[in-house]
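So the structure is just underneath, and the comments pick up after that.
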Amino acid sequence: MSEKPWGGRFSEKTDRIVESFTSSINIDKRLYPYDIEGSIAHCKMLAEVSIITEEEASSLIQGLEKIRREIERGKFQFDDSLEDIHMHIESTLLQNVGKVAQKLHTARSRNDQVVLDVRMYLKNETLKIMHGLAKLKKVILAFARDHVDTILPGYTHLQRAQPVLLAHHMMAYYEMFLRDSERFGDSLKRINVMPLGSAALAGTTYPIDRAYTAKLLDFPEISRNSIDSVSDRDFIIEFLSTASICMVHFSRLSEELILWSSSEFGFIELPDSFATGSSIMPQKKNPDVPELIRGKTGIVFGNLMALLSIMKSLPLAYNRDMQEDKRPLFDTVDILTACITICAAMIPKLKINKEAMRMATCKGFLNATDMADYLVIRGIPFRQAHDCVGKAVIYAKDNNKELHELTLKELKTFSSLIKKDVFNILKTEQMINRRKSFGGTAKENVMAAIKEAEKNLEI
Ligand code: ARG
């Protein structure tokens, strides 16, 4: 037996620089629990179809479990010369249980083994991410409940547009994270396919029972085509793309927190425990956490691009390029998981400056649409009403006033249809609560949306 499991046809030792260049152990060691669990299932299947004996299987399984304990206790030695996690475990097994270890790799290749490991890993991480998103959604709902009476300007083009409830604004993020959870949930179907038994690429001559392995590992499906099975990384690309979309949402939330905590807005204050100071300017409190989320979003997009580029034009089936799938995957899982956790912890601690939010709705003609709608109801076409209010806005602006600060006499110069009751329409609460169209910002709508969401989260 040569030093490396594949060393049989080699007469020269691998160059040290090649060993360190090709090694992936520093990255893929995190797959060890799945590699061991997958190998245990493989052993049981081999015994079930009598390719190995029950005794051989049980000594292999004991050896594998010992390795798991050693890794967990930090006792395991990792070494570049053994390339990856699969070879580390296999060669340690040889030391642990002797020659029978050489039977473990029967009817299996690292090509189907690695993709099995990644699928098991990703299924677990996706479920954890969905769990994290559920927690985050709960936090958002609680925040929304606390702010059904908090009013702020809604923006378009980052210009004050119309007043909305802060609860309604936050519920927009609830919708985004709900779609993210659904996307992760849908992708599980494609992750949950068992590839083992495809061997190197063409299947195997042994009478294996792939359905049995799938059952042991709790996979509802087995891959149908051995070539596709070892060359498919779509499920990782899909995860990276779903994660990217989710990060878009985190980055938008972060950007708003950054803007809102600036003195220019003054809408919120970040909790001290989630901000940092400047080493030179004593007055500063910086929004580093949302800034880093915004920055890390770029890394996550880059990881998606990286894997798309790695996979582009690769001939079938397995190519070593594909080893590079793990760095972007693990990195994205780590970033996304951290962002979910940190946002769920930060949101309840935000200090909301309700007064500043409300004040901001009083300036900037946020009630112009309502005045136009008022005229439409009294019989003039919307475009004409729009024009008429536009002129009133110019007049008010020139006189340093808001629309509701003009006198009735002044208002009447723009349309004789304007009566005293217009002032009621121009009030902020009225503007909000009259927007009762389904999905609008009226308090009763927002309360109903929160209730409905709470009901769905409980299921
Ligand atoms: N470390 C490899 C990877 O992550 C495992 C598969 C290696 N297969 C091979 N034929 N060299 O892709």
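Packing order of peptides 75-82, 36-43, 329-336, 185-192, highest average first: 36-43, 329-336, 185-192, 75-82 (average count of other Cβ atoms within 10 Å over each peptide's residues).
Helix content alone sets the calculated 222 nm mean residue ellipticity of the chain: runs of n ≥ 4 DSSP H residues at -39500 (n - 2.57) each, divided across all residues, give -19500 deg cm²/dmol. A straight line joining the Cα centroids of segment 1-66 and segment 390-455 runs 70 Å. Based on C-alpha pairs under 8 angstrom that are at least 6 apart in sequence, the chain has a relative contact order of 16 percent. Full extension of the segment from ARG9 to MET447, taken as 0.36 nm per residue of separation minus the current Cα-Cα distance, would add 150.6 nm. Relative to the first principal axis of the alpha-carbon coordinates of the chain, what is the inclination of helix 234-260, with its axis defined by its Cα atoms, in degrees from 0 to 90 and to the nearest 10? Between helix and principal axis, roughly 30 degrees. Given a 1.4 Å probe, how much area per residue of segment 1-148 is accessible, in Å²? With all protein chains present, segment 1-148 gives 49 Å² per residue. Taking the protein heavy atoms of segment 1-70 in the context of the full set of protein chains, the accessible area attributed to carbon and sulfur is 49 percent at 1.4 Å.
Heavy-atom accessible surface of segment 241-322, averaged per residue, reaches 52 Å², computed with a 1.4 Å probe.
With contacts taken as Cα pairs under 8 Å and at least 6 residues apart, segment 319-459 reaches a relative contact order of 17 percent.
The alpha-carbon of LYS409 sits under 30 angstrom from the alpha-carbons of these lysines, leaving out residues fewer than 8 places away in its chain: LYS363, LYS391, LYS397, LYS401, LYS419, LYS420, LYS427. Among the listed pairs LYS284/LYS349; LYS296/LYS326; LYS349/LYS455; LYS44/LYS189; LYS354/LYS412, which have their C-alpha atoms separated by more than 22 angstrom in this model? Checking Cα-Cα distances, LYS349/LYS455; LYS44/LYS189; LYS354/LYS412 exceed 22 Å. If you take all other residues with their beta carbon under 11 Å from the beta carbon of ALA200, and give Lys and Arg +1 and Asp and Glu -1, the sum is +1.
What whole-number volume per residue, in cubic angstrom, does the convex hull of the C-alpha atoms of the chain give?
For the chain, the hull spanned by Cα atoms encloses 204 Å³ per residue.
When a 1.4 Å probe is rolled over the protein heavy atoms, the share of accessible surface on segment 111-167 that falls to carbon and sulfur comes to 53 percent. Most tightly packed first, judged by the mean number of other beta-carbon atoms within 10 Å of their residues, the peptides 115-128, 432-445 read 115-128, 432-445.
Label-to-label distance for ASN399 and VAL248 is 4.6 nm, based on points extended 7 Å past Cα in the beta-carbon direction. Taken over segment 197-337, the convex hull of the Cα atoms encloses 159 Å³ per residue. Distance from the alpha carbon centroid of segment 302-336 to that of segment 193-222 works out to 24 angstrom.
What is the percent carbon and sulfur in the accessible area of segment 264-385, measuring with a 1.4 Å probe over the protein chains and ignoring ligands?
Ligands and nucleic acids excluded, carbon and sulfur reach 60 percent.
For GLY154, neighbours were defined as the other residues whose beta-carbon sits under 11 Å from its Cβ, and their charges (Lys and Arg +1, Asp and Glu -1) total +2. Here the label points at HIS105 and LYS29, each 7 Å from Cα along the C-beta direction, are separated by 2.1 nm in the simple model. Within the shell of other residues whose beta carbon sits under 10 angstrom from the beta carbon of ILE352, the net charge comes to -1, with Lys and Arg scored +1 and Asp and Glu -1.
The values are calculated or read from the model by the stated rules, or taken from the named source; none is laboratory data. For clarity, every value in this text was computed on a predicted model and none was experimentally measured. All Cβ positions, glycine included, derive from the backbone under ideal geometry; neighbour counts span all protein chains shown. Accessible surface areas use protein heavy atoms only, side chains included; no ligands, DNA or RNA. Shrake-Rupley method; radii C 1.70, N 1.55, O 1.52, S 1.80 Å.
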